[in-house]
Amino acid sequence: MSHSTASVITLNINGEKHTLPVDHRTTLLDALRERLDLTGTKKGCDQGQCGACTVLLDGRRAVSCLQLAVAAEGREVTTIEGIADGDQLHPVQQAFLDLDGYQCGYCTPGQVCSAIAMIEEHAAGWPSAVTADVRPQAEAAPLTAEEIRERMSGNLCRCGAYVSIVRAIAEAARPGVPRPPSPSGELGHLAGSEETEGVA
Amino acid sequence: MTTMTGPTPVTGAVGTAHTRIEGLDKVTGAARYAGDVPYAELAHGWLVLSTIARGRIRSVEADPVLAMPGVLAVLHHGNAPRVNADYTGLLGRPDPTVAVFQHDRVPFAGWPVALVVAETSEQAREAAEALVVHYDEEPHDVAFFAGHPGTYTPEGNPRMQAEAGKGDLEAELTASAVVVDAEYTTPQEHHNPLEPHAAMARWDSGRLEVIDSNQGSTWVAEELANLFSLDPSSVRVRAEHVGGAFGSKGVRPHQVLAVMATTVLHRPVRVVLTRRQLFSLVGYRSPTAQRVRLGADPDGRLRALDHQALNLTSKVHEFVETSAGLGRVMYDADAHHTVNRVVALDVPTPTWMRAPGAAPGSFALECALDELAEKCGVDPIALRARNEPDAGPVSGLPFSSRNVLACFQEGARRFGWADRDPRPGQRRDGRWLIGTGTAAATHPSGVAPSTASVTAEPDGTFTVRITAADVGTGARTALTLIAAEALEVEPERVRVRIADSDFGQAMVAGGSMGTRSWAWAVTSAVRELRELLVLGDGIPPEGITARSNTAEAVGALPMRERHAFGAQFAEVGVDVVTGEVRVRRMLGIFAAGRIVNPLTARSQLVGGMVWGLSMALHEEAARDQASGALVGADLAGYHFAANADVPLIEADWVDDPDDEDPVGGIKGIGEVSIVGVAAAIANAVWHATGVRHRHLPIRPDRVLLAGTATA
Amino acid sequence: MREFGYQRVFDVPGAVTLGADPEARYLGGGTNLVDLMKSGVERPGLLIDVRELPLDRIVPTEGGGLRIGATATNSDLAAHPEVRRRYPALAQAVLAGASGQLRNMATVGGNLLQRTRCAYFTEPAQPCNKRTPGSGCAAVNGEHRNHAILGASEHCVAVHPSDMGVALTAFDAVVTYETADGPGELPLAEFYLPVGDTPHLETALPSGALITGITLPPAPVAANSRYRKVRERASYAFAIGSIAAALDTRDGVVREVRLAFGAVASRPWRARAAERALTGAPATAESFAAAADAELAAAKALPHNGYKVTLLRNLVVAVLTELTEEAAR
């Protein structure tokens, strides 16, 4: 059986639509970097093993190196270029800048995107591997340094800037720091109760 | 008359925390690294590596691949442009691995055998994967172990003799009341900067332009000029942002391949190494096998120090990991013997990796010191104080400054060392056995000739041009502060441009020598400029520029033992159920001269300590003996510390003045902070469990099998 | 990576019709498949994107079980309140796997079908019977510190990498699937084939079958359960040994116990010998250790992975002791 190996697709990136032909082999990462000149998203391993290519897909963090571009059609993609509001940095970006949450900067776009989504995941009540009791709790456990470390472990930093990264994220996630709404505010629903009602 | 400043001169830029100049670009994704710069008509090269460890290439079946969609060229030893690797560059003779495609011999697994160039990276990748290469395979030897029959003592070099000694070692060991005789090993470790090596090359109006990721753009430009027999002025290399380097980013096959391909195809070509390819093409830290013998009086005073280190190198190039060099700086003894030996195998050539020699060497020596402290019943810090030398133990030269004991004192105070029960296996926190450990750190503080220019602009700003590299160190920011202080202006009025070989020769970002070397050139140029400005009466549109070259001044620097020092402290938990070791806290106190930018300096020091943690517990490449190739050569198989492995780590410094220093007492800080960390952690694991772990990394299986000595 | 066709499907019949093509693969999150395509291990001619199939729901069933759709992501599974309440070890197992990004992408169905991370398997230049039948197993005499101690053969000593699957195995999960000929189901215990001399044949799924979901039968014992994973760094690494355990005791005696091991075999390993030894036995460290020994008596260690026997024994004792103490609270 022979199949077409390329398609014309429309990608929704940072609120803008881009229509382009793609080889099916093209990953979202390569489409961003090589086709759309959105090179803020970095390629560290191309194997899902470092997190440098993290973007938000429908508001959730994902590695763009394992996401085929053709399969991203119809989804909302947010890259590091779409995080700041004009000249107004997102609080996570500002904290990375102020608290030196990086060194070479190559993992930074991925760290920033990942942190923004991670804060949302925590706020939605998602547990992590270091959450003492994963059973649903009346009150969400605080976003401790230990929680941030575990939840951010999918973003490797070879310069060893983790201590400052954790400090920056804790600062940006502090209650009272105004954060823009996430690109897609669905997490509460995803963690939530709709499917569980009326059956058990 | 033109003045430098407004009404009052501004000083104090150096020593004041400043966020990174390029920070905004880094947090918004605007910073362009080597693989990020777009070019029209860009073609993509994908490298094919040998799958055999030794032999000859019989044939490269290029024709079927050339017929594949988008494929533009297949370069290999049968058709590639010739290069000349017979020269001596800034840092010695080139590793022949960069002289790609010049013959049919394969000296190791992962040797470059072909480059496929195509219109898109997807096409290049598939074609490279499809390329059939036939080999005549020969038996290989990749086994590294102490006592390998091929072991030899290398010639040594001006910076490091292979072997040094004084006194009668065996006699002093015999006369010693306490003797430690232990063997240590460290595994093969890889730099793995998060940004893989990438280069774009093109010919532009008769000049070769290379956009690269490197530690020194003039260095790479000179190497490329040598390799391709070009006039050095016709090569321009730039590396505006570099995503980590750690010793791996010099001239490497990717730049050479990009130049070859653009020369053949007459269009821009980018070659990006894959993560897996990095493991055989950009160097690595050799595994080491080390034996340390210490003989001491009952109170711990050293009578004998013997450190014998072995590393491997390739059969095409010699690299010596100078692990035994540390004792020549740290400790004196009546009899003192240190030697670095090498064995050549059918493997890629190792290279400098963050604190070469000192990182693995300190693991052995500083663990042995801890073992000696235990045997003597002396506190490990007191033992070091007892053996503090007045002058270089081997050289006899005075130290320019040496404040290692001040580091220990400050560190002990802040870490709570005085409350430590020296007995092992005494503390428990739930499932964790708890222990603490310490070790000393040191790294040479060298300097090398560099040039710089500083321009006074008509608008009252200043532009510094120097071929420095900011590989994440904060060099761009540090040089801004240094220039601002020398100019006595606010840092906001200084623009520092770096990483462009057209700016002229400068030291590479390496060996903890970058900032010190560049600072000297920048401050010298500023001094020149200030003299010009005093004479002049107004600034023309093109500005007024002064240039410096520190070659003569560097040559005139008096001979001293110049080093940074430090004291490392670690607390670990060891889970005896699973064998997992977790570092709970670390503190490093350093005597590293004058700290230029406390914000970025702290990041760099902590980063080095994270490297040490990672070295102690995680990092290790595995070579398959049957195939001679690495297995698990990716970031899932080669672990370095993830965020969850790294606790709160603090780094700080003590005063470390050197009033005689022409560079104002600035020392490098990139490497001293990894030194001693693995030893401090291993010593803490002993303190937790009562078992000495002399082989890195301290993995769960090793801890499980070793058990505990006191439970 | 070779060129391939791509087809997004919106209903199950459409998916399995396309799935009859032997060159086709179903694409879920792609976290394993796309990676293997890049390294040349997988070379499909057609990808059938199943992410938009209506199979992403997680629905509690009567009596306290769960029905998990195949395209639910790992994140959805771990975050779901009823998963966390009824099968905490399952939520913990999922959270112990990969990273936040990968869990957001990876699907439950794909997790079961992920391939081994044996480094010889993922490197096409190396011999590997699983990837290239008959080429040999380089791991048996090579780098095998993280290879199998149970159920392996001389032909393959690779381990299954899933964390999720270990908990699912402990809780008697049943896999449901659809083919062009209709639906079917397989208990997870029968889902993975023995290694024998055919390590390339990994599951009992019929050719072209699409996993549509997983059913977890009610298991009150699972409310007191735990997953513990050991690895060579604290996070974002595959297990070198793991355990899913659930325990119900009364008056100091084990009424019911569930035990499964990860990273010790070509499949998630249900420790039935240990369960048998423990049922009715006193809930003490001694009987936990004896039960572990009963299971691990069959272990065959290679020169560099013998520590796993010690590790699993320790894990059984430690985790069951913790569960005993918690149940007593």
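The values are calculated or read from the model by the stated rules, or taken from the named source; none is laboratory data. In this text the structure is predicted, and so the values were computed from the model without any measurement. As a convention, Cβ positions derive from the backbone with ideal geometry for all residues, glycine included, and neighbour counts pool all protein chains shown.
Tell me yes or no: at least one residue of the stretch B:349-365 is among the β-branched types (Val, Ile, Thr), within 25 Å of residue B:289 (Cβ to Cβ) and at pLDDT 95 or above. There is at least one residue in the stretch B:349-365 that is among the β-branched types (Val, Ile, Thr), within 25 Å of residue B:289 (Cβ to Cβ) and at pLDDT 95 or above. Only residues that are buried (at least 21 other Cβ atoms within 10 Å of the Cβ) and either modelled with pLDDT of 80 or more or under 15 Å from residue A:148 (Cβ atoms) (or both) were counted in the stretch A:164-184, giving 7. Residue count for the stretch A:54-86 satisfying the condition of being assigned to a loop (DSSP other than H, G, I, E, B), within 11 Å of chain B (Cβ to nearest Cβ) and in contact (Cβ under 8 Å) with a residue 24 or more places away in the chain: 4. Restricting the stretch B:568-597 to residues that are assigned to a loop (DSSP other than H, G, I, E, B) and in contact with an Asp or Glu (Cβ under 8 Å, 6 or more places away or on another chain), the residue that is surrounded by the fewest Cβ atoms within 10 Å (Cβ to Cβ) is B:594. Taking the condition more than 7 Å from every other protein chain (Cβ to nearest Cβ), in a loop (DSSP other than H, G, I, E, B) and at pLDDT 95 or above, does residue A:125 pass? In short, yes.
Those residues that are assigned to a helix (DSSP H, G or I) and among the hydroxyl-bearing types (Ser, Thr, Tyr), I need them from the stretch B:681-711; list them, please.
Residue satisfying the conditions is B:689 alone.
Of all positions in the stretch C:62-75, none carries a residue that is assigned to a helix (DSSP H, G or I), under 22 Å from residue B:130 (Cβ atoms) and either in contact (Cβ under 8 Å) with a residue 60 or more places away in the chain or at the interface with chain A (Cβ under 8 Å from one of its Cβ atoms) (or both). Look at (1) charged (D, E, K, R); (2) within 28 Å of residue B:694 (Cα to Cα); (3) part of a loop (DSSP other than H, G, I, E, B) and you find that residue B:537 fails only one, number (2).
Of the set (1) away from chain B (no Cβ under 11 Å); (2) in contact with a Ser or Thr (Cβ under 7 Å, 6 or more places away or on another chain), all apply to residue A:99 but (1).
Would you mind stating whether residue B:35 is within 14 Å of chain A (Cβ to nearest Cβ), assigned to a helix (DSSP H, G or I) and more than 30 Å from residue B:598 (Cβ to Cβ)? Taking the combined requirement at face value, the residue satisfies it. The one condition from (1) surrounded by 16 or more Cβ atoms within 10 Å (Cβ to Cβ); (2) in contact with a Lys or Arg (Cβ under 7 Å, 6 or more places away or on another chain); (3) of a type outside the set (Ser, Thr, Tyr) that residue C:165 does not meet is (2). With the requirement that a residue be aliphatic (A, V, I, L, M) and touching a residue at least 60 places away in the same chain (Cβ under 8 Å), what does the stretch C:257-274 give you? Residues satisfying the conditions are C:257, C:259, C:260, C:263, C:264, C:265. Does residue A:33 satisfy the condition of being in contact with a Ser or Thr (Cβ under 8 Å, 6 or more places away or on another chain), assigned to a helix (DSSP H, G or I) and not small (Gly, Ala, Ser)? So residue A:33 passes the test.
Determine if the stretch B:127-142 includes at least one residue that is of a type in the set (A, V, I, L, M), under 32 Å from the mean Cα position of the chain (by Cα), farther than 30 Å from residue B:372 by Cβ and assigned to a helix (DSSP H, G or I).
yes
For residue B:603, indicate whether it is of a type in the set (Ser, Thr, Tyr), surrounded by fewer than 24 Cβ atoms within 10 Å (Cβ to Cβ) and outside any strand (DSSP E or B). When the stated conditions are applied, residue B:603 does not pass them. Screening residue A:132 against (1) buried (at least 24 other Cβ atoms within 10 Å of the Cβ); (2) hydrophobic (A, V, I, L, M, F, W, C); (3) out of contact with any helix residue (DSSP H, G or I) (no Cβ under 8 Å at 6 or more places or on another chain) leaves a single unmet condition, (1). Annotation: residue A:97 fulfils all but one of (1) of a type outside the set (Gly, Ala, Ser); (2) buried (at least 24 other Cβ atoms within 10 Å of the Cβ); (3) without any contact (Cβ under 8 Å) to a residue 60 or more places away in the chain; the unmet one is (2). Among the residues of the stretch C:242-253, some residue qualifies, meaning at least one is within 14 Å of chain A (Cβ to nearest Cβ) and within 21 Å of residue C:195 (Cβ to Cβ).
Taking the stretch B:218-267 as the range and being among the polar types (S, T, N, Q), closer than 14 Å to residue B:469 by Cα and touching a strand residue (DSSP E or B) at 6+ places or on another chain (Cβ under 9 Å) as the test, only B:218 passes.
A single member of C:190, C:178 is free of Cβ contacts under 8 Å to residues at least 24 places away in the same chain, over 30 Å from residue C:327 (Cβ atoms) and surrounded by fewer than 24 Cβ atoms within 10 Å (Cβ to Cβ), and it is C:190.
Set side by side, the residues B:524, B:603 differ, and just one is among the hydroxyl-bearing types (Ser, Thr, Tyr), farther than 30 Å from residue C:126 by Cβ and within 14 Å of chain A (Cβ to nearest Cβ), which is B:603. Take the conditions over 18 Å from residue A:93 (Cβ atoms), touching a Gly at 6+ places or on another chain (Cβ under 6 Å) and either within 8 Å of chain C (Cβ to nearest Cβ) or surrounded by fewer than 24 Cβ atoms within 10 Å (Cβ to Cβ) (or both) and apply them to residue A:140. Does it pass? Yes, satisfied.
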